[in-house]
Amino acid sequence: MKFEHAALPLPLLWSSPFVRWQGSLADISSLDLAAAVTGDALSERRFDRAAIDRIVLGMTIPQPHSFYAAPWLAARLGLPGVSGPLIAQACATSVACLAAAAADVESDAQAMPLVVTTDRTSNGPLLVYPRGHGMGGSPLTEHWVLDSFAADPNTGQAMVATAENVARDGAMSRAALDELTLLRWQQYQAALADDRRFQRRYLQPVVLPRGKGKALRVEADEGVHPYTAEGLAALRPVQEGGVVTFGGQTHPADGCAGALLARGDRARTLAAGEGVVRLLSAAFSRVDKAEMPKAATTAALLALRDAEVRIEDVRFVVSHNPFAVNDLWFAQQTGFPLERMNPYGCSLIYGHPQGPTGLRGIVELAHALREAGGGIGLFTGCAAGDTGAAMVLRLD
């Protein structure tokens, strides 16, 4: 799908730090996290919340009271009369939310939707489904997070198996994947340089009250392990005879991210000279069974086609890459340099809370373009069910 008018004012893009699951945010509802971080982000930017006319909430893991998710979050943010949809599309949730909000802006010149994406993989819910025909009426149970990680019901294969399948198709060596993983770690270090100068532009600290006069405060990503060539080489493959290790795949995490959309003129006013991100296109794809990492490339090519942009015209690519395999396949298929992908890190290194992962990547892509003086950027990533989602944008 192609967009003509939808834009993101650069100052009104943010992400919380990402925290490895079972860390500091393990017992925080992702809706509570979203209310706190989004409220602080809007207040610190002195944004007039009365201008927001719709909320689009992305969340993939049920939380207490999530039956009321979007309107309840809007109420907690002080947005009377504002509502909107709850969108859950696994790791493609952020692109789906931005595309839905962009469609509003395309059809209504006065629209100003707020996108909030949030998830907690920690302490995932155990669901109990009544089953009257079971032996003695015994229920069916499902651990929402762990059972979903374990296998795709359509293929019976775990996500790591999809990475091995694509690594085999691409004749990828263990050494090449380790080398790429180390590059991604080094790029993440660039985002931490000068006391996290780059990250401080968009990372919104988590501040939550914790008893009288106390607060939980998280200002930086938590639980990111150091990477070395020797450490990566010492790891055993996850599957016997495979090439994918725990070093070459992401870790689950908790976090949230947000963005405000408007038409070009209003977006420029809100940006106050800091830059406007024009959304050019979004696309979704699905590939053959158990070949999930390929979907990111397929979606990217569709989004580039819709935007009428050549891969040669793209300055940076940011990917949601749960496996190093994803990026190597993308480079093999497009010829895009690995060094110009994820210049300031990616989910492979700092973790993957599902819903907000893509939006954090898009926020980082926008700021990377700003550092470089503007240009065209591409975000792409795979998602559960052998699907992918991509978005092309331009920073003016």
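The values are calculated or read from the model by the stated rules, or taken from the named source; none is laboratory data. Owing to the predicted nature of the structure, the values given are computational and were not obtained by experimental measurement. Virtual Cβ from ideal backbone geometry, glycine too; neighbours counted across all protein chains shown.
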Picked from the range 71-91 (must be of a type in the set (A, V, I, L, M, F, W, C), more than 16 Å from Val37 (Cβ to Cβ) and out of contact with any Lys or Arg (no Cβ under 7 Å at 6 or more places or on another chain)), the residue surrounded by the most Cβ atoms within 10 Å (Cβ to Cβ) is Cys91
- Query: Do we have Leu369 as part of a helix (DSSP H, G or I), of a type in the set (A, V, I, L, M) and under 24 Å from Leu232 (Cα atoms) here?
  - Reply: no
Those residues of the range 302-318 that are surrounded by 17 or more Cβ atoms within 10 Å (Cβ to Cβ) and out of contact with any Lys or Arg (no Cβ under 9 Å at 6 or more places or on another chain) come to a total of 3
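For the range 232-336, which fully contained helices (runs of 4 or more DSSP H) count at least 2 residues that are modelled with pLDDT under 95 and farther than 29 Å from Ala88 by Cβ? Reasoning before the result, please.
Working: elements: 264-271, 292-307, 324-334.
Because the criterion is at least 2 residues that are modelled with pLDDT under 95 and farther than 29 Å from Ala88 by Cβ, the helices (runs of 4 or more DSSP H) in the range 232-336 that meet it are 264-271.
Looking only at the range 275-302, count every residue that is under 19 Å from Ala384 (Cβ atoms) and either aliphatic (A, V, I, L, M) or free of Cβ contacts under 8 Å to residues at least 12 places away in the same chain (or both) and tell me the total. Give the steps one after another, and end with the answer.
First, the residues of the range 275-302 that are under 19 Å from Ala384 (Cβ atoms): 282-300, 302.
When the remaining residues are screened for being either aliphatic (A, V, I, L, M) or free of Cβ contacts under 8 Å to residues at least 12 places away in the same chain (or both), the result is 282-283, 287, 290, 292, 295-296, 299-300, 302.
Number satisfying all stated conditions: 10.
Rundown of residues vs (1) among the hydrophobic types (A, V, I, L, M, F, W, C); (2) surrounded by fewer than 24 Cβ atoms within 10 Å (Cβ to Cβ); (3) touching a His at 6+ places or on another chain (Cβ under 6 Å), yes/no style:
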| residue | (1), (2), (3) |
| --- | --- |
| Leu348 | yes, no, no |
| Gly351 | no, no, yes |
| Gly358 | no, no, yes |
| Val363 | yes, no, no |
| His367 | no, yes, no |
| Gly377 | no, no, no |
| Leu393 | yes, no, no |
*asked:* Going by what's in this entry, would Val318 be described as touching a residue at least 12 places away in the same chain (Cβ under 8 Å), within 30 Å of Glu219 (Cα to Cα), in contact with a helix residue (DSSP H, G or I) (Cβ under 7 Å, 6 or more places away or on another chain) and among the β-branched types (Val, Ile, Thr)?
replied: yes
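Just to verify a result, which residue in the range 233-253, among those that are farther than 13 Å from Ala163 by Cβ and touching a residue at least 24 places away in the same chain (Cβ under 8 Å), is surrounded by the fewest Cβ atoms within 10 Å (Cβ to Cβ)? Lay out the reasoning, then the answer.
Initially, the range 233-253 is screened for residues farther than 13 Å from Ala163 by Cβ, giving 233-236, 240-241, 251-253.
Still in the list and also touching a residue at least 24 places away in the same chain (Cβ under 8 Å): 233, 251-253.
Values: Ala233: 13, His251: 19, Pro252: 21, Ala253: 29.
Across the range 233-253, the extreme among qualifying residues is Ala233.
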Within the range 36-54, residues crowded, with 22+ Cβ neighbours inside 10 Å and hydroxyl-bearing (Ser, Thr, Tyr) come out as Thr38
So for the range 291-304 (the condition being more than 16 Å from Cys382 (Cβ to Cβ) and among the aliphatic types (A, V, I, L, M)), does at least one residue qualify? yes
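Run down Leu25, Leu33, Leu57 and say which single residue is within 16 Å of Val82 (Cα to Cα), touching a residue at least 12 places away in the same chain (Cβ under 8 Å), buried (at least 24 other Cβ atoms within 10 Å of the Cβ) and touching a strand residue (DSSP E or B) at 6+ places or on another chain (Cβ under 8 Å). Before you say what the answer is, go through the steps one by one.
Working: Leu25 fails: within 16 Å of Val82 (Cα to Cα); Leu33 fails: within 16 Å of Val82 (Cα to Cα).
Of Leu25, Leu33, Leu57, the one residue that is within 16 Å of Val82 (Cα to Cα), touching a residue at least 12 places away in the same chain (Cβ under 8 Å), buried (at least 24 other Cβ atoms within 10 Å of the Cβ) and touching a strand residue (DSSP E or B) at 6+ places or on another chain (Cβ under 8 Å) is Leu57.
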The one condition Thr334 fails out of (1) touching a residue at least 40 places away in the same chain (Cβ under 8 Å); (2) over 15 Å from Ser281 (Cα atoms); (3) β-branched (Val, Ile, Thr) is (1)
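Okay, residues lined up against (1) surrounded by fewer than 21 Cβ atoms within 10 Å (Cβ to Cβ); (2) in contact with a strand residue (DSSP E or B) (Cβ under 7 Å, 6 or more places away or on another chain):
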| position | (1), (2) |
| --- | --- |
| Asp104 | yes, yes |
| Ala109 | yes, yes |
| Pro113 | no, yes |
| Trp144 | yes, yes |
| Pro153 | yes, no |
| Gly170 | yes, no |
| Ala176 | yes, no |
| Gln199 | no, no |
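Results for (1) at pLDDT 95 or above; (2) farther than 24 Å from Ala383 by Cβ; (3) of a type in the set (Ser, Thr, Tyr), shown as yes or no for each residue.
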{"residue": "Ala35", "(1), (2), (3)": "yes, yes, no"}
{"residue": "Arg45", "(1), (2), (3)": "yes, yes, no"}
{"residue": "Ala50", "(1), (2), (3)": "yes, yes, no"}
{"residue": "Met59", "(1), (2), (3)": "yes, no, no"}
{"residue": "Gln63", "(1), (2), (3)": "yes, no, no"}
{"residue": "Pro71", "(1), (2), (3)": "yes, yes, no"}
{"residue": "Thr93", "(1), (2), (3)": "yes, no, yes"}
How many residues of the range 264-313 are within 27 Å of Ala36 (Cα to Cα) and among the charged types (D, E, K, R)? The answer is 3
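Confirm whether Tyr344 is surrounded by fewer than 24 Cβ atoms within 10 Å (Cβ to Cβ), touching a residue at least 40 places away in the same chain (Cβ under 8 Å) and aromatic (Phe, Trp, Tyr). Full working, then the answer.
Details: surrounded by fewer than 24 Cβ atoms within 10 Å (Cβ to Cβ): yes; touching a residue at least 40 places away in the same chain (Cβ under 8 Å): yes; aromatic (Phe, Trp, Tyr): yes.
Yes; evaluated as a whole, the condition is true for this residue.
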